[in-house]
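Below is one structure, written out as structure tokens; the observations come after it.
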Amino acid sequence: MTARARVAVHKFSSCDGCQLAFLNLGPALLDLAAAVDIVHFAEAGPVDPEAEVDIAFVEGSITTPEDAHRIQTVRARSHHLVTIGACATAGGLQALRNGEDLEAWLGHVYAHRDFVAALPESTPIAEHVKVDFELWGCPINARQVLAVTNALLLGVTPSDEAEKVCLACKRAGAVCVMVTRGVACMGPVTRTGCGAICPRFGRDCYACYGPAEGVNTRALTTRFEGLGLAPEDVARRLRFINNAAPAFREAARTVTGDD
Ligand code: SF4
């Protein structure tokens, strides 16, 4: 990679929350802008969506025919492609419609369905093109952006934070909400990255950072049922923000007997 790398931030089907992680860098954003050329980042100003870049950050899932076409161009013009957030990495909330009646959903949501072009499913970027690194979270945070950018600029493989939220809880001295209060918490199967922010404020983790490595979803769903959750409620906990992540999708199918 050249001394002054070219960077782009692309948006697909998403809420823009992960792009805000860049803008939330604060003073570090000025340092980043001084170290790289940000050639495309529509939310921040520069617009050149077809520019060739060293690092392309991609937010959002593939939900429309235009998305499916455009991601091929982004991939062809990017040396490294990094997905940012649950939408780009696991289909996002919009993947909740996968497997449902698309026409019925469109009819319920839009007054004029004819103006909406939608693919049958919302899918992660990796189902369409090669992805070099994935940042999980809904939204991601500024620290993740800086870490992966620094690693790629230095020519080293970014480190993948795939351990469970429970470990972040222990390091932070947070009291376990499931052990002490019997609250159904997704922390035992969710990857860290958030700093265990929800448990530290006394509420359960809702898995916005997606599945951790080596998760035992069967043990957790059994525990949830022991806490009084019906199977469909257990499945709902798995089918939230990262519902298209295979570990969560398969666990939800198992618990509802749909497999
Ligand atoms: Fe918005 Fe969450 Fe998708 Fe990021 S991952 S774009 S915050 S919905």
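When you scan segment 157-253 for helices (runs of 4 or more DSSP H) that lie fully inside it, which ones turn up with 2 or more residues that are within 16 Å of the ligand (Cβ to nearest atom) and either open to solvent by 40 Å² or more (accessible area, probe 1.4 Å) or in contact with a Ser or Thr (Cβ under 7 Å, 6 or more places away or on another chain) (or both)? It would help to see each step written out before you state the result.
Details: elements: 165-172, 177-181, 197-200, 217-226, 231-238.
Correct list: empty, since no element meets the threshold.
Set side by side, the residues VAL58, VAL39, VAL74 differ, and just one is open to solvent by less than 10 Å² (accessible area, probe 1.4 Å) and part of a strand (DSSP E or B), which is VAL58. Count of segment 79-117 residues, restricted to those that are part of a strand (DSSP E or B) and open to solvent by less than 10 Å² (accessible area, probe 1.4 Å), is 4.
Just to be sure before I move on: is ALA142 within 16 Å of the ligand (Cβ to nearest atom) and within 26 Å of ALA5 (Cα to Cα) in the structure I sent?
yes
With respect to being modelled with pLDDT of 95 or more and over 20 Å from the mean Cα position of the chain (by Cα), CYS176 fits the description.
For segment 43-59, taking the residues that are at pLDDT below 95 and within 16 Å of the ligand (Cβ to nearest atom), the one that is nearest to the chain's Cα centre (by Cα) is identified as GLU43. With respect to ALA33, is the statement that it is small (Gly, Ala, Ser), in contact (Cβ under 8 Å) with a residue 60 or more places away in the chain and not in a loop (DSSP other than H, G, I, E, B) true? In short, no. A count restricted to segment 1-19 and to residues that are farther than 30 Å from ALA118 by Cα and either within 12 Å of the ligand (Cβ to nearest atom) or buried (at least 20 other Cβ atoms within 10 Å of the Cβ) (or both) stands at 1.
Regarding segment 20-37, can at least one residue be identified that is within 16 Å of the ligand (Cβ to nearest atom), assigned by TED's automatic domain parsing to the domain that holds PRO120 and under 18 Å from ASN243 (Cβ atoms)? So that I can check it myself, show each step before the final result.
To start, the set of residues in segment 20-37 that are within 16 Å of the ligand (Cβ to nearest atom) comprises 20-25.
The next check asks that each one be assigned by TED's automatic domain parsing to the domain that holds PRO120; those that pass are 20-25.
Next cut, under 18 Å from ASN243 (Cβ atoms) only: none.
No, there is no match, as no residue in segment 20-37 is within 16 Å of the ligand (Cβ to nearest atom), assigned by TED's automatic domain parsing to the domain that holds PRO120 and under 18 Å from ASN243 (Cβ atoms).
The values are calculated or read from the model by the stated rules, or taken from the named source; none is laboratory data. If you're wondering where the values come from, they're calculated on a predicted model, not measured in any experiment. Note that each Cβ is placed from the backbone with ideal geometry, even for glycine, and that neighbours are counted across all protein chains shown. Just so you know, the surface numbers come from the protein's heavy atoms only, side chains and all, with ligands and any DNA or RNA stripped out. Shrake-Rupley method; radii C 1.70, N 1.55, O 1.52, S 1.80 Å.
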